[in-house]
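Have a look at the structure below, then the notes.
The values are calculated or read from the model by the stated rules, or taken from the named source; none is laboratory data. All of these numbers come straight from a predicted model, not from anything done at the bench. Methodologically, a virtual Cβ is constructed for each residue, glycine included, from the backbone with ideal geometry; neighbour enumeration extends over all protein chains shown.
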Amino acid sequence: MSKPTIRIAAIPGDGIGTEVIEAGMEVLHAVSERDGNFDIDAETFDWSTQRYLDHGDFMPEDGLDTLRTFDAIFFGSAGDPRVPDHITLWGLRLKICQTLDQYANVRPTKLLPGINGPLAGVGPKELDWVIVRENSEGEYAGAGGRVHQGLPEEVGFDVSVFTRVGVERIQRFAFELARKRPRKLLTLVTKSNAQRHGMVFWDAVFDEIKGDYPDVTTDKMLVDAMTQRMVLKPESIDTVVATNLHADVLSDLAAALSGSLGIAPTGNLRPEKNVPSMFEPIHGSAFDIMGQGIANPLGSFWSGVMLLEYNDQPKAAARLMQAIERVTAEGTHLTQDLGGTATTREITDAVLEAIRQSNA
Ligand code: ATP
């Protein structure tokens, strides 16, 4: 029988995205070679702000149709000081997520061995969460407008859109994920005391469906209180589900608590698997360190772990995660965001070596 092939569309994008995706592809190829049970067939696309400045678009007109032919998308970052962020975001990253309806954004956070986060006395046992972010509507639905522009009575408004389909499918996804985790605890985060329509709706849907998951323990938090719980009682959290905006903010806090924005991965998933899902480090373009060869590629590598898991290669995914953890545990190859002096090349080489030395 021929080996399965994972077809990957690599979109490095802007800033350090180009550096960490190049390193990430090297590592993915090495895992596939070491594993021997599947191949990787990757194509790299130059869709970026530079392309927008040169040609007037971030991707070709048929770009999304091209992406549909792949199994997975490996994305770097979108953002460049020469173009306003909302143009870049909607022109590239959100265009992909929204058109392909990758509605479940999954963000694991774990303190890796050897890495000291900012919370004293908190280690890998206390900080091991998955945040599930609604990724298709809510506060980032793009509904709103600007009226009377330039006049004294000018207004700007964004309308949050919460549909029953959208709310129920993300909450059910989070319940399913929570039941596969050792602690089987799901926390619903909203702001239903102040926002009395959409947020109360989120609470109501949660109460309606939770009976279908009797093995999952649940609780509810207001988003402001959740920030305190993350810092003061991290061990009390397991799986979290929240709206697009709330989970966006909470997952940046989570990334900082796990040591650095440079480590955290994410998957923009289409659970039906009828279109490719997209995997990316959660950090942005980081123009301040671009081109210096010092970007931390671990967020990209960990996103590669998620890509492999999602494309039915759990053994290879575990091998890559172990290689990452082995390198962080040794502590000799950490980039400057983690207090070290290693370059992107050095840490990539260390992970490549750990993959080669990994058990069959
Ligand atoms: P964007 O506007 O595209 O979201 P940004 O530059 O405003 O990006 P981030 O890239 O999210 O913000 O990161 C903020 C800072 O954290 C960066 O300026 C950089 O100093 C640091 N940082 C982020 N990612 C990494 C990384 N992978 N390696 C090292 N430092 C990083």
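A few points about this structure:
- Figure legend. Inter-residue proximity from segment 288-305: first residues under 18 Å from L320 (Cβ atoms), second residues in a loop (DSSP other than H, G, I, E, B), beta-carbon distance below 6 Å, spacing 6+ or different chains. Indicated pairs: N296/G262; N296/T335; L298/I263; G299/G262; G299/I263; G299/A264; G299/H283.
- Residue among E353, E272 that is more than 16 Å from the ligand (Cβ to nearest atom), within 20 Å of the chain's Cα centre (by Cα) and of a type in the set (D, E): E272
- Strands (runs of 3 or more DSSP E) completely within segment 150-254 that count 3 or more residues being of a type in the set (V, I, T) and closer than 22 Å to Q102 by Cβ: 239-242
- Restricting attention to segment 228-248, the residues that are at pLDDT 95 or above and under 21 Å from Y140 (Cα atoms) add up to 8.
- Qualifying residue in segment 287-308 (condition: out of contact with any helix residue (DSSP H, G or I) (no Cβ under 6 Å at 6 or more places or on another chain), closer than 25 Å to T69 by Cβ and surrounded by fewer than 22 Cβ atoms within 10 Å (Cβ to Cβ)): no
- The residue that is nearest to L119 (Cα to Cα), counting only those in segment 260-270 that are assigned to a loop (DSSP other than H, G, I, E, B) and touching a helix residue (DSSP H, G or I) at 6+ places or on another chain (Cβ under 6 Å), is S260.
- Of all residues in segment 324-360 being surrounded by fewer than 20 Cβ atoms within 10 Å (Cβ to Cβ), in contact (Cβ under 8 Å) with a residue 60 or more places away in the chain and in contact with a helix residue (DSSP H, G or I) (Cβ under 6 Å, 6 or more places away or on another chain), the one that is nearest to G24 (Cα to Cα): L352
- Residue within segment 187-204 that is out of contact with any helix residue (DSSP H, G or I) (no Cβ under 9 Å at 6 or more places or on another chain), more than 24 Å from S136 (Cα to Cα) and modelled with pLDDT of 95 or more present: no
- Every residue from segment 337-355 that is farther than 27 Å from F38 by Cβ, at pLDDT 95 or above and not in a loop (DSSP other than H, G, I, E, B): E346
- Residue match in segment 275-295 (condition: β-branched (V, I, T), more than 15 Å from the ligand (Cβ to nearest atom) and modelled with pLDDT of 95 or more): yes
- Selection over segment 172-203 of residues that are of a type in the set (G, A, S) and in contact with a Ser or Thr (Cβ under 9 Å, 6 or more places away or on another chain) gives a count of 3.
- Taking the numbered list (1) touching a helix residue (DSSP H, G or I) at 6+ places or on another chain (Cβ under 7 Å); (2) surrounded by 16 or more Cβ atoms within 10 Å (Cβ to Cβ); (3) on the phi < 0 side of the Ramachandran plot in turn, I16 passes all entries but (1).
- Within segment 291-311, the residues that satisfy the criterion of being of a type outside the set (A, V, I, L, M, F, W, C) and touching a strand residue (DSSP E or B) at 6+ places or on another chain (Cβ under 9 Å) are N296, P297, G299, S300, S303, G304, E309, Y310, N311.
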